Amino acid sequence: MGQQNRNPVYLQGGDALSVTDVQNDFLPGGALGVLEGDKILPPLNRVIAMFNKANLPIFFSRDWHPSDHCSFKNQGGPWPPHCVQNTSGAEFSAELQIPEGSIIVSKGTEKESEQYSTWEGRDADGNTESVLMKKSGIRRIFIAGLATDYCVLNSVKDALGEGYEVYVVTDAIRAVDVNPGDGKKALDEMIRAGAKMITTDLIREKK
């Protein structure tokens, strides 16, 4: 059963950080801006720096949609056009620190493929995040980014479903909250599924 973690957690071999969709269109002022989405950047960058210093894998996912993607309202979907390939809205936030050697996975790259979860996002060689995690011998995943009630939620569920120990970095996520309370419901669902909640101040460098 998942829980709010109140004790320090020390990074170790077999850990990975998965940063979800911190792109301009999901930040305030973007096409699908998440309220206070920019507030996650300082704590998120601190955790990224810790993982980088420890030489642990860091994954950055991005929505990378064609202009006629199925999720867009003009195609009958629920969302305004966002994160269209090769536009400024699809770029990662300029404030997001992406260390050299990080792994970038793109999702929702085909017209009829929604892909909320980062798990099926693919790197430049076509490998899914799921496959890359296995190849890297990952056992424990820390997940952060945008948005709590969609891509973070679905990524957490997929990671748990494959048997990983999952920590959700709660001060480095924010919700869309299309319906008020969606973010809280998503957190409750993740906890019920077995995820552990942690804040960045409790994540420690390797002993």
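In terms of distances greater than 31 angstrom between alpha carbons, the cross-link table entries Lys39/Lys185; Lys135/Lys157; Lys134/Lys196; Lys39/Lys73; Lys73/Lys196; Lys73/Lys185 yield Lys73/Lys196.
With the cut-off at 1.5 for a/c, could you classify region 91-137 from its C-alpha gyration tensor as rounded, prolate or oblate?
Because a/c hits 1.5 or more and a/b fails to exceed b/c, region 91-137 counts as oblate.
Potential lengthening of the chain between Thr128 and Thr109 amounts to 5.6 nm, from the contour at 0.36 nm per residue minus the alpha-carbon distance.
Taking other Cβ within 10 Å of each residue's Cβ, how do Val176, Val19, Val169 sort, fewest first?
Numbers: Val176 21, Val19 30, Val169 24.
Going from sparsest to densest Cβ surroundings: Val176, Val169, Val19.
Which of rounded, prolate, oblate describes region 112-207, given a ≥ b ≥ c as roots of the alpha-carbon gyration tensor eigenvalues and a/c under 1.5 marking rounded, otherwise prolate only if a/b is larger than b/c? Verdict is oblate for region 112-207. For region 34-134, relative contact order (Cα pairs under 8 Å, six or more residues apart, normalised by length) works out to 25 percent. Ranking of Asp123, Asp68 by neighbouring Cβ atoms within 10 Å, starting from the fewest: Asp68, Asp123.
Where a number appears in this text, it was derived from the coordinates with a stated rule and is not lab data. Model, not experiment: these values are computed from the prediction. All Cβ positions, even for glycine, are placed from backbone atoms using ideal geometry, and neighbour counts span all protein chains on display.
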